[in-house]
Amino acid sequence: IIFSFCMAEGQGFKFGINGGFANTDVNGTDPYDVDFNKIGFNAGLFVMRPITEKSTMRFEMNFIEKGSYIPATYDSLGNELSKAYKVRLNYIEVPLIYAHRFGFKMDSSFVSKFDIELGLAIAFLIHSDENLDFSGPQPVYSLPPFSPYSKYDFSGLIGFAYHITDNWKFHFRYENSIIPIRPHPGGATSVNTNGLLPYYNGGETNLVFVYSLSYTF
């Protein structure tokens with residue numbers, strides 16, 4: 001990968017590294033959606049190439065920790081109502097991102113240090129486990145009515161980047177699975193009309209806020 005990035009540099013591409021953390025949740029895993037209690041790590045490499053004066057295409061390859069964490073709950077007397085639960089889903093994720101630089105007028109000057117980012121990402125699941133009440137990681141429970149997690153996660157993303165210097169950027173992104181990573185335990189795949197309001201329940205999906213710094217060589 002590093003050799004290919006060096007070759008790309010000689011063809012008008014730029015390459016770099018990025019790293020940061022993510023707040024994640026798996027929609028449909030717990031009754032308290034959406035809480036983003038789980039914190040994960042992400043890091044990787046990227047190549048990018050300008051396509052216009054203000055626009056670039058960016059190809060990344062990242063390791064990212066997704067999943068969900070549900071803290072234990074207690075009543076007013078301190079009695080435990082439900083146990084803590086955590087599921088870890090580690091991926092190698094490959095986003096393709098279009099970035100467009102924009103700016104705005106501030107006082108008498110024009111500030112042009114921001115990018116809006118839009119893209120798609122495919123992620124490959126490399127590890128998963130679950131931990132009930134801090135008893136230690138165990139293989140993900142997948143007996144009926146549950147199913148194993150999909151080996152792939154296909155997501156859409158949107159975000160913003162701030163140019164700290166010519167080489168450093170801060171990125172803030174939101175990712176959402178387009179295709180469910182696991183069917184709903186009840187088998188629901190359409191509009192659910194039980195309860196006060198109808199809602200669509202097609203299965204479990206990754207919800208991710210990513211905060212990262214990138215350095216372009």
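The values are calculated or read from the model by the stated rules, or taken from the named source; none is laboratory data. Keep in mind it's a predicted model, so treat the numbers as computed, not measured. When we count neighbours, we look across all protein chains shown, and the Cβ atoms used for this are built from the backbone with ideal geometry, even at glycine. Note: accessible area is taken over every heavy atom of the protein model, side chains too, but ligands, DNA and RNA are not part of it. Shrake-Rupley method; radii C 1.70, N 1.55, O 1.52, S 1.80 Å.
Conditions tested, residue by residue: (1) open to solvent by 80 Å² or more (accessible area, probe 1.4 Å); (2) modelled with pLDDT under 70; (3) not acidic (Asp, Glu).
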site	(1), (2), (3)
Tyr149	no, no, yes
Gly156	no, no, yes
Tyr174	no, no, yes
Pro185	no, yes, yes
Ala188	no, yes, yes
Leu196	yes, yes, yes
Val208	no, no, yes
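State whether the residues of the range 10-19 include one that is at pLDDT 95 or above, open to solvent by less than 20 Å² (accessible area, probe 1.4 Å) and not in a loop (DSSP other than H, G, I, E, B). Yes, there is a match, as at least one residue in the range 10-19 is at pLDDT 95 or above, open to solvent by less than 20 Å² (accessible area, probe 1.4 Å) and not in a loop (DSSP other than H, G, I, E, B).
Would you pick out the residues in the range 50-87 that are open to solvent by 20 Å² or more (accessible area, probe 1.4 Å), under 28 Å from Asn206 (Cβ atoms) and not hydroxyl-bearing (Ser, Thr, Tyr)? Listed by number, the residues that qualify are Met57, Phe59, Met61, Phe63, Glu65, Pro71, Ala72, Leu81, Lys83, Lys86.
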